[in-house]
Amino acid sequence: MKQTHAFQTEVKQLLQLMIHSLYSNKEIFLRELISNAADACDKLRFEALNNNALLDDDGELKITVTANAEAKTITVSDNGIGMSEAEVIEHLGTIAKSGTKAFFEQLTGDAQKDAHLIGQFGVGFYSAFIVADKVTVESRRAGLPESQGVRWVSAGDGEFTVEPMDKATRGTDVILHLKDDQADLLSDWTLRRIVTTYSDHISVPILMKKAPEYDDEGNPKPSEELEVVNRAQALWTLPKNDISEAQYQEFYKHVAHDFEDTLAWTHFKVEGRQDYTGLLYIPKRAPYDLYERDPKHGVKLYVKRVFIMDDAKKLMPLYLRWVRGVIDSSDLPLNVSREILQESRDLDAIRSGSVKKVLALLEDLQKNQPEKYTEFWNVFGNALKEGVGEDMANKDKIAALCRFASTHNDNDVQNVTLADYIGRMKAGQEKIYYITADSYAAAKNSPHLEVFAKKGVEVLLLTDRVDEWVVGSLFEFDGKALASVAKGALDLGGMADEAEKAEQAKVEEASKDVAAAIQAALGDKVAAVRATTRLTESPACLVVGEHDMSQHMLRMLEAAGA
Ligand code: ADP
Ligand code: MG
């Protein structure tokens, strides 16, 4: 029986937005559908590892792209995992991703700006409606009988219908009924050009109608024969020299479900205790769920070119959750369960090797492509900083990659590294001074900075939430201790001259009675009242004990309800 369902509100919005904002980029619909077909083949290959019967007698996974000029349709077929009726309704009617609502709240209605937001979100199946005014999906999940096929139909206008059907073959056919003005897509040449441009890196063979041969009079001899039009090899297994920049980019869009280019990548092969290959990318934009409680990790695990799992949390630490790509191991057993993998020590070795590659890529960008590094820092810097507290083994490397605002500049731009700071330290200066605060203005105008300004000593201005964690975990860098200017007694070390020490003693002596009176008035609200030479303009300031939590941290905890 045919049932009509309404799209989730967000899907409706997405469809509208996509049709309007991606029109000039319409060819991507084919990339998205082929990408889904390839994912479906990957999933089947994985499930078949433990249940070979799923393959029936049709073990050669493939994708077919055909056009029918009379019917004005383009069909993308695969013999991958397929979908049951319930799966069709779930996957092609809702957006099953957390944080969707927040994402849609960011939309402005300005097509240009929103197109970027869509990119961040992934375009996917719904991009079919850029060129089609009706889409039919016919699917049968692997393992289900012929009678349990399902047909999904929608005009992209708010609803879709679902009905059971008999489907002879396993997998999914997506049939696009093209809009009247999209007839140019029907030409075999155009279609082939789009497929080879966008999908050559796909590791499953893509079949298309053979280019026509010509008879003696020069007339084409129509042929229904199909041929493979892509290289059909896993891109990451090829030598670097055989891969063009464009192919690296297209592969990125496939694995990351992104529609914009990547910022940079690292492609490596490691041989040793574990043999594995990795192709890891840095996106240009943060995923919408970067700071969600349970963010998606973006590295896929393959074993001997067989896809094993998505969203492999075990492959990247939390602070590198924004890295996208694949890692393919030659040693892990193929029939291993995902649960066992999560416990695997071999995977630990692969992870620590891969993390080093990502950090090396960042070091390389920082050194050789500073503009790119700045672009990276502005998007992912806050996440990377978490690594100083999270990854003990690489703490110093990560700290070296961090950038901060400082009193050396007149603005809040984070462009000072710890090495820059050390390079500018004054004679006799032993410590790296910093202040944490809620905002740049609060940090910059803090009375604690006065004495440092007087002496021309630079102070790092730390105003990101994560900074408390950074300075709580990083006690020194390159042999120089980090010191908060708002904690403990002021210790300028070798920078304080004898005259100043004498002056401090004199001030303390002279103010003894005043300090005692203030102390008496404030009672146990304060631990001590001290006269100081650290202020040059403000009459008084609060400091916390050397080992106490900073005021900023206390405020943060209070705000969090602790
Ligand atoms: P994404 O690929 O980012 O998950 P899409 O919008 O492209 O998002 O696809 C939504 C979901 O629909 C997929 O995650 C998958 O579960 C399902 N799907 C789409 N195309 C196919 C297909 N050819 N075979 C099986 N499942 C599919
Ligand atoms: Mg997709």
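The values are calculated or read from the model by the stated rules, or taken from the named source; none is laboratory data. None of these values were measured; they are calculated from a predicted model. So basically every Cβ, Gly included, is an ideal-geometry build from the backbone, and we count neighbours across all protein chains shown.
Just to be sure, is Leu33 within 11 Å of ligand 1 (Cβ to nearest atom) and touching a strand residue (DSSP E or B) at 6+ places or on another chain (Cβ under 8 Å)? Lay out the reasoning, then the answer.
Numbers: within 11 Å of ligand 1 (Cβ to nearest atom): yes; touching a strand residue (DSSP E or B) at 6+ places or on another chain (Cβ under 8 Å): yes.
It is true that Leu33 is within 11 Å of ligand 1 (Cβ to nearest atom) and touching a strand residue (DSSP E or B) at 6+ places or on another chain (Cβ under 8 Å).
Of all the criteria given as (1) within 21 Å of Gly149 (Cα to Cα); (2) acidic (Asp, Glu); (3) within 15 Å of ligand 1 (Cβ to nearest atom), the one not satisfied by Glu60 is (3).
What number of residues within the stretch 433-443 are surrounded by 20 or more Cβ atoms within 10 Å (Cβ to Cβ) and not in a strand (DSSP E or B)?
Residues in the stretch 433-443 being surrounded by 20 or more Cβ atoms within 10 Å (Cβ to Cβ) and not in a strand (DSSP E or B): 2 in total.
Residue by residue, here is whether (1) within 12 Å of ligand 1 (Cβ to nearest atom); (2) of a type in the set (Gly, Ala, Ser); (3) closer than 19 Å to Lys134 by Cα holds:
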residue	(1), (2), (3)
Leu17	no, no, yes
Leu22	no, no, yes
Leu44	yes, no, no
Leu49	no, no, no
Asn68	no, no, yes
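Being at positive phi, touching a helix residue (DSSP H, G or I) at 6+ places or on another chain (Cβ under 8 Å) and buried (at least 17 other Cβ atoms within 10 Å of the Cβ) is the requirement here; does Gly298 meet it?
Working: at positive phi: no; touching a helix residue (DSSP H, G or I) at 6+ places or on another chain (Cβ under 8 Å): yes; buried (at least 17 other Cβ atoms within 10 Å of the Cβ): yes.
In short, no.
Contact map, the stretch 336-350: first residue more than 15 Å from Asp310 (Cβ to Cβ), second residue among the small types (Gly, Ala, Ser), Cβ cut-off under 8 Å, separation 6 or more or different chains; pairs are Val336/Ser344; Asp346/Ser329; Ile350/Ser329. In the condition set (1) surrounded by fewer than 19 Cβ atoms within 10 Å (Cβ to Cβ); (2) in contact with a Cys (Cβ under 9 Å, 6 or more places away or on another chain), Val204 is compliant with all but (1). Here's a check for you: in the stretch 171-186, which residue that is of a type in the set (A, V, I, L, M) and farther than 15 Å from Thr136 by Cβ is nearest to ligand 1 (Cβ to nearest atom)? Among residues in the stretch 171-186 that are of a type in the set (A, V, I, L, M) and farther than 15 Å from Thr136 by Cβ, the one nearest to ligand 1 (Cβ to nearest atom) is Leu185. Contact map, the stretch 134-148: first residue at pLDDT 95 or above, second residue more than 16 Å from ligand 2 (Cβ to nearest atom) and among the hydroxyl-bearing types (Ser, Thr, Tyr), Cβ cut-off under 6 Å, separation 6 or more or different chains; pairs are Val135/Ser154; Arg141/Ser84. For the stretch 140-155, the set of residues classified as touching a Ser or Thr at 6+ places or on another chain (Cβ under 6 Å) and within 11 Å of Leu54 (Cα to Cα) consists of Arg141 only.
Would you confirm, using the coordinates I've provided, whether Ala115 is modelled with pLDDT of 90 or more and among the small types (Gly, Ala, Ser)? When the stated conditions are applied, Ala115 does not pass them.
Results for (1) of a type in the set (Lys, Arg); (2) assigned to a strand (DSSP E or B); (3) within 20 Å of Glu90 (Cβ to Cβ), shown as yes or no for each residue.
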| residue | (1), (2), (3) |
| --- | --- |
| Val137 | no, yes, yes |
| Leu144 | no, no, yes |
| Gly156 | no, no, yes |
| Phe160 | no, yes, yes |
| Glu163 | no, yes, yes |
| Thr169 | no, no, no |
| Trp189 | no, no, no |
| Thr196 | no, no, no |
| Ile202 | no, no, no |
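Scanning the stretch 447-471 for residues that are among the acidic types (Asp, Glu) and either in a loop (DSSP other than H, G, I, E, B) or crowded, with 18+ Cβ neighbours inside 10 Å (or both) returns Glu458, Asp464, Asp467, Glu468.
Please verify whether Gly387 is of a type outside the set (D, E, K, R) and either at negative phi or part of a helix (DSSP H, G or I) (or both), treating the condition exactly as stated.
Yes.
Residues in the stretch 207-221 that are assigned to a loop (DSSP other than H, G, I, E, B) and either touching a helix residue (DSSP H, G or I) at 6+ places or on another chain (Cβ under 6 Å) or under 13 Å from Asp188 (Cβ atoms) (or both): Lys210, Ala211, Pro212.
Just one of Val195, Val162, Val135, Val153 is surrounded by 15 or more Cβ atoms within 10 Å (Cβ to Cβ), touching a Phe, Trp or Tyr at 6+ places or on another chain (Cβ under 7 Å), within 29 Å of Arg231 (Cα to Cα) and of a type outside the set (Asp, Glu); which is it? Write out each step before concluding.
Numbers: Val195 fails: touching a Phe, Trp or Tyr at 6+ places or on another chain (Cβ under 7 Å); Val162 fails: within 29 Å of Arg231 (Cα to Cα); Val153 fails: within 29 Å of Arg231 (Cα to Cα).
Of Val195, Val162, Val135, Val153, the one residue that is surrounded by 15 or more Cβ atoms within 10 Å (Cβ to Cβ), touching a Phe, Trp or Tyr at 6+ places or on another chain (Cβ under 7 Å), within 29 Å of Arg231 (Cα to Cα) and of a type outside the set (Asp, Glu) is Val135.
Listed by first and then second residue, the pairs with beta-carbon distance under 8 Å, at least 6 apart or on different chains, first residue in the stretch 207-228 and in contact (Cβ under 8 Å) with a residue 60 or more places away in the chain, second of a type in the set (S, T, N, Q), are Leu207/Thr64; Met208/Thr64; Met208/Thr66; Lys209/Thr66; Lys209/Ser223; Leu226/Thr64.
Inspect all residues belonging to the stretch 226-241 and state whether any of them is away from ligand 2 (no atom under 16 Å from the Cβ), part of a strand (DSSP E or B) and under 27 Å from the mean Cα position of the chain (by Cα). Within the stretch 226-241, none of the residues are away from ligand 2 (no atom under 16 Å from the Cβ), part of a strand (DSSP E or B) and under 27 Å from the mean Cα position of the chain (by Cα).
Within the stretch 407-428, the set of residues being crowded, with 20+ Cβ neighbours inside 10 Å and under 17 Å from Ala481 (Cβ atoms) comprises Leu418, Tyr421.
Considering the conditions (1) within 18 Å of Asp310 (Cα to Cα); (2) in contact with a strand residue (DSSP E or B) (Cβ under 7 Å, 6 or more places away or on another chain), Lys284 is excluded by exactly one of them, (1). Only residues that are within 28 Å of the chain's Cα centre (by Cα) and polar (S, T, N, Q) were counted across the stretch 412-448, and they come to 5. Quick check: is even one residue across the stretch 431-442 touching a helix residue (DSSP H, G or I) at 6+ places or on another chain (Cβ under 8 Å) and within 25 Å of Arg285 (Cβ to Cβ)? No, the stretch 431-442 contains no residue that is touching a helix residue (DSSP H, G or I) at 6+ places or on another chain (Cβ under 8 Å) and within 25 Å of Arg285 (Cβ to Cβ).
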